[in-house]
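See below for the structure under consideration.
The values are calculated or read from the model by the stated rules, or taken from the named source; none is laboratory data. Note that the coordinates shown come from a computational prediction; the quantities given were computed from them, not determined experimentally. When we count neighbours, we look across all protein chains shown, and the Cβ atoms used for this are built from the backbone with ideal geometry, even at glycine.
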Amino acid sequence: MRYRKTVEGIIEKIFFVCGLVSILSVLFITIFIFLRGLPLFQKVPLVSFLFSTNWSPTDTVKPTYGILSFIIGSFYITFGSLLLAVPIGVACGIFLSQIATRTVAKVMRSVVELLAGIPSVIYGFFGVMVLAKLIREIFGGNGYSVLTASIILAIMTLPTIVNITEVSLRAVPQELKEGSLALGATRWQTISKVLVPAARSGIMAGVVLGMGRAIGETMAVLMVAGNAPIMPKGPLSMARTLTMNIVTDMGYAAGDHMTSLFATGIVLFVFILGLNLAVHAIMKRSIKESV
């Protein structure tokens with residue numbers, strides 16, 4: 001017993017240290033980004049930085065720092081990808097958890113896991129070589145657009161939405177399904193009227209996490225969105241996102257230009273933080289409703 005207690009105490013301390021390292025890592029990253037980015041607002045008003053579309057940090061006469069077009073581009077591409085990924089992902093999760101046979105479900109899960117493991121640069125390469133050419137031939141333009149980036153991000157977001165939807169539906173008590181079927185409801189009525197509403201909080205959490213993945217993606221979007229620092233005017237317009245702006249300018253930025261990139265990172269950080277808080281609120285609400 002003494003040996004067992006000693007081992008358990010050591011393991012508890014190891015787990016505590018691991019958790020502490022995670023917390024300190026997030027804390028140091030947050031402090032670093034804010035310390036490097038906040039000085040910009042001593043020279044550039046926050047309103048001008050957020051709501052101006054003039055991005056010319058290398059202008060030697062009067063440099064301008066406006067990221068509104070990048071914010072709009074990020075929202076266009078993110079919500080465009082969710083518009084494609086959410087219906088397909090939720091439907092696939094329902095199929096895997098409630099309809100598919102064991103063999104079919106096993107094969108499809110393997111495919112979904114494979115999608116999650118493919119590097120983003122491969123997705124971008126596929127977008128450049130196949131998807132951009134296809135959109136160019138069908139809709140015109142140069143093929144590098146909000147639409148192309150949205151489709152690529154939708155494919156990349158699918159594994160998150162599919163997995164969380166399936167897990168959420170499987171977590172619904174089996175008694176609810178059995179009771180619905182016993183009362184004469186069809187399988188589809190049971191799924192749409194009982195299971196999906198019962199799992200809606202988990203499904204929404206999956207959608208929000210997918211949104212976080214989409215808005216934080218860089219490499220694939222950089223390759224297919226056109227990377228033009230302009231206000232996107234439609235699905236076939238080129239665009240630049242917040243992450244693309246940081247990656248594009250980081251290699252040669254200096255002085256206030258570099259500070260503006262860290263300030264862009266602050267905006268992205270705050271948005272991702274808001275998404276995480278939304279996930280926690282959704283999960284907390286789900287727990288209260290289940291109780």
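For the stretch 270-288, the condition holds for no residue, the condition being that it is in a loop (DSSP other than H, G, I, E, B) and not basic (Lys, Arg). Can you pull out the residues in the stretch 137-154 that are among the β-branched types (Val, Ile, Thr) and in contact with a Gly (Cβ under 9 Å, 6 or more places away or on another chain)? Selection gives Val146, Thr148, Ile151, Ile152.
Name the residues in the stretch 236-250 that are surrounded by fewer than 18 Cβ atoms within 10 Å (Cβ to Cβ) and more than 25 Å from Gln42 (Cβ to Cβ), would you? Selection gives Val247 alone. Against the definition (part of a helix (DSSP H, G or I), surrounded by 18 or more Cβ atoms within 10 Å (Cβ to Cβ), at pLDDT 90 or above and touching a Lys or Arg at 6+ places or on another chain (Cβ under 8 Å)), how does Thr264 come out, yes or no? No. Would you call Phe269 over 23 Å from Ala220 (Cβ atoms) and modelled with pLDDT of 85 or more? The answer is no for Phe269.
Here the condition is being modelled with pLDDT under 90 and small (Gly, Ala, Ser); of Gly127, Gly216, it holds for Gly216 alone. Only residues that are among the hydrophobic types (A, V, I, L, M, F, W, C) and free of Cβ contacts under 8 Å to residues at least 40 places away in the same chain were counted across the stretch 262-285, and they come to 4. Look at (1) over 28 Å from the mean Cα position of the chain (by Cα); (2) under 20 Å from Val247 (Cβ atoms) and you find that Ile71 fails only one, number (1). Scanning the stretch 133-150 for residues being in a helix (DSSP H, G or I) and surrounded by fewer than 23 Cβ atoms within 10 Å (Cβ to Cβ) gives a total of 7. In this structure, does Met219 turn out to be in contact (Cβ under 8 Å) with a residue 40 or more places away in the chain, within 26 Å of Leu50 (Cβ to Cβ) and either surrounded by 19 or more Cβ atoms within 10 Å (Cβ to Cβ) or among the polar types (S, T, N, Q) (or both)? Spelling it out, it is not the case that Met219 is in contact (Cβ under 8 Å) with a residue 40 or more places away in the chain, within 26 Å of Leu50 (Cβ to Cβ) and either surrounded by 19 or more Cβ atoms within 10 Å (Cβ to Cβ) or among the polar types (S, T, N, Q) (or both). Within the set Leu209, Leu183, the sole residue that is under 25 Å from Val247 (Cα atoms) and either assigned by TED's automatic domain parsing to the domain that holds Ala100 or within 14 Å of the chain's Cα centre (by Cα) (or both) turns out to be Leu209. Exactly one residue out of Ala239, Ala254 is under 28 Å from Ala132 (Cα atoms), assigned by TED's automatic domain parsing to the domain that holds Tyr76 and among the small types (Gly, Ala, Ser): that is Ala239. Of the helices (runs of 4 or more DSSP H) lying entirely inside the stretch 1-120, the ones with 1 or more residues being touching a residue at least 12 places away in the same chain (Cβ under 8 Å), among the basic types (Lys, Arg) and not assigned by TED's automatic domain parsing to the domain that holds Lys193 are found at 2-37.
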